[in-house]
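Reviewing the structure listed below.
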């Protein structure tokens with residue numbers, strides 16, 4: 001209860017206007033000469049706990065008229081089996097027009113619970129009324145949805161979690177070992193319908209234990225049902241951290257070695273020349289788009305051919321008839337010599353030559369012509 005005295009003052013003369021006693025959730029309106037209003041409201045309701053509203057009212061549970069002094073509570077939060085009388089903080093009675101008809105606070109009226117039926121002594125409820133019931137039962141993690149805790153490993157991204165019973169969940173494909181129950185951070189329950197509930201290990205009387213891949217929750221009632229989905233947070237060694245080296249691991253997703261192509265055979269047992277001293281194409285053109293180095297693995301069997309050479313020509317379009325020599329002869333013409341040889345040649349394009357053509361020739365063919373086997377890679 002609150003006693004409030006209001007005095008008026010005029011040119012130094014003070015006079016007592018009124019003294020009144022207010023209930024905790026009552027308001028006093030005072031009309032002041034000149035048309036001003038003074039409103040004093042002592043209502044103070046803690047709304048941080050679970051609250052109930054009529055069906056469709058976005059409450060944590062549902063409230064409904066039962067009689068002139070009773071309200072039925074249903075659809076309770078998953079961690080509440082039943083509310084006790086001491087859990088009820090206040091009741092707001094709302095009329096059909098949307099205004100508040102009355103507010104009943106534990107400081108002023110007696111409230112009792114029988115099962116899920118709340119009795120408010122002295123109330124005058126109507127069947128058409130709706131009710132907001134405030135409780136002092138804290139929501140898990142400070143709210144009915146969204147975890148305030150976080151963890152390094154979470155299901156279903158890092159492992160799987162599946163319903164086992166109303167208080168147990170089976171964990172599988174864990175990438176880490178749970179050696180201490182303190183590693184379990186939280187469980188988020190996403191029901192098939194209704195609000196998400198989050199339970200934090202060690203908070204609001206909730207504890208969690210793991211044994212042989214089965215997580216058991218205590219202090220939250222029976223929060224799990226078959227159709228639930230779960231996000232479970234577990235802490236362990238930070239991902240990508242190497243404790244032995246005391247540094248973070250770095251993974252290069254496109255290392256240099258991945259820029260090389262696998263070897264491709266261009267020709268095998270191909271004559272080195274068709275017409276003496278005239279260069280002959282060895283295989284088709286090589287597409288160098290996206291690459292700047294061509295590596296040629298040349299296996300040459302000389303036989304009776306003499307003065308054998310190989311060269312590379314540049315092309316700016318596929319299938320084009322224009323072929324271009326490079327500015328420096330040594331950059332594109334290589335001497336094979338007059339003996340059997342396995343040799344590797346490398347040609348740089350600097351990423352500016354789209355296509356290359358390999359050719360070869362000999363000044364003397366001889367009785368048995370020399371042959372080439374050529375394989376290539378690109379980088």
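Table for the structure above
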item	result
Residue in the range 23-35 that is in contact with a strand residue (DSSP E or B) (Cβ under 9 Å, 6 or more places away or on another chain), at pLDDT 60 or above and surrounded by fewer than 13 Cβ atoms within 10 Å (Cβ to Cβ) present	no
Enumeration of residues in the range 239-262 that are surrounded by 10 or more Cβ atoms within 10 Å (Cβ to Cβ) and out of contact with any strand residue (DSSP E or B) (no Cβ under 6 Å at 6 or more places or on another chain)	239, 242, 247, 259
So residue 87, is it outside the structural domain of residue 226 (by TED's automatic domain parsing) and in contact (Cβ under 8 Å) with a residue 60 or more places away in the chain	no
Residue match in the range 96-104 (condition: modelled with pLDDT of 75 or more and under 30 Å from residue 208 (Cα atoms))	no
Pick from the range 281-319, criterion within 20 Å of residue 371 (Cα to Cα) and out of contact with any strand residue (DSSP E or B) (no Cβ under 6 Å at 6 or more places or on another chain), ranking: surrounded by the most Cβ atoms within 10 Å (Cβ to Cβ)	302
Positions within the range 338-351 being exposed (fewer than 13 other Cβ atoms within 10 Å of the Cβ) and in contact (Cβ under 8 Å) with a residue 60 or more places away in the chain, in sequence order	351
Qualifying residue in the range 200-215 (condition: closer than 21 Å to residue 180 by Cβ, in contact (Cβ under 8 Å) with a residue 60 or more places away in the chain, out of contact with any strand residue (DSSP E or B) (no Cβ under 8 Å at 6 or more places or on another chain) and surrounded by 10 or more Cβ atoms within 10 Å (Cβ to Cβ))	yes
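The values are calculated or read from the model by the stated rules, or taken from the named source; none is laboratory data. None of the values given here were measured: they were computed from a predicted structure. FYI the Cβ positions are ideal-geometry reconstructions off the backbone, even for glycines, and counts take in every protein chain you see.
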